[in-house]
Amino acid sequence: MWLKTLTSTLVVFGFLMIAGWYWVLGPAPKSRPEFLRYGFRATIYTSVLIVDLIGAGVGSVLIMRQARRQYREAAMDNLKMLIEGTLRDHKSQEQPPEQLQ
């Protein structure tokens, strides 16, 4: 459960970062020293965004693997129950009716 919560939080945070790009960084300045500071801030912002979205991607892959493993186990259990039920049905059909009691 914590993996789903973390992945969802990372996705929402990433989209908020994308949407808030202009408000956080503002317009690009004209002067060279201010533009260098702006570039540094933009680089840090982009790096955090990339790390955030990679973390969300890794989390979603882990969630997929976990779900696939659970579905595989459930399918094997269902197949086992089906085979056992079929064997019981065949055994009961082979016995004469007076021996079923």
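Each reported figure results from applying straightforward, stated rules to the coordinates on display, with no laboratory input. It should be emphasised that the depicted structure is a prediction, and the values quoted were computed from it without experimental measurement. Because the Cβ atoms are built from the backbone with ideal geometry, glycine has one as well, and the counts that use them run over all protein chains shown.
How much length is gained if the chain between GLN66 and TYR38 is pulled fully straight, taking 0.36 nm per residue apart and subtracting their Cα-Cα distance, in nm to one decimal?
Computed gain between GLN66 and TYR38 is 5.9 nm.
To the nearest 10 degrees, how steeply does helix 2-19 sit against the main Cα axis of the chain, on a 0 to 90 scale?
The angle comes out at about 30 degrees.
Which parts of the range 65-79 would a label at ASP89 reach, counting a residue when its backbone N lies under 15 Å from a point 7 Å out along Cα-to-Cβ?
79
Compute log10 of I(q)/I(0) for the range 24-71 with the Debye formula, placing one identical point scatterer on every Cα and leaving out solvent, at q = 0.14, 0.18, 0.26 Å⁻¹, to two decimals.
-0.52, -0.64, -0.88
Using alpha carbon coordinates only, what is the Rg to Rh ratio of the range 2-94, with Rh defined as the Kirkwood radius?
Using Cα coordinates only, the ratio equals 1.49.
With angles folded into 0 to 90 degrees, how steeply does helix 32-94 sit against the dominant principal axis of the chain? Use alpha carbons for both and round to 10.
The helix 32-94 is inclined about 0 degrees to the chain.
Set Lys and Arg Cβ to +1 and Asp and Glu Cβ to -1, take the dipole of the range 19-81 about its Cα centre, and tell me which of LEU79, ALA67, GLY20 lies farthest positive.
Comparing the listed Cα positions along the dipole, GLY20 ranks first.
Take the Cα atoms of the range 42-98, find their three principal axes, and give me the spread along each one in whole Å, biggest first.
Projected onto its principal axes, the Cα set of the range 42-98 covers 85, 9, 7 Å.
Identify all lysines with a Cα-Cα distance to LYS80 below 19 Å; exclude those on the same chain that are fewer than 8 residues away in sequence.
LYS91
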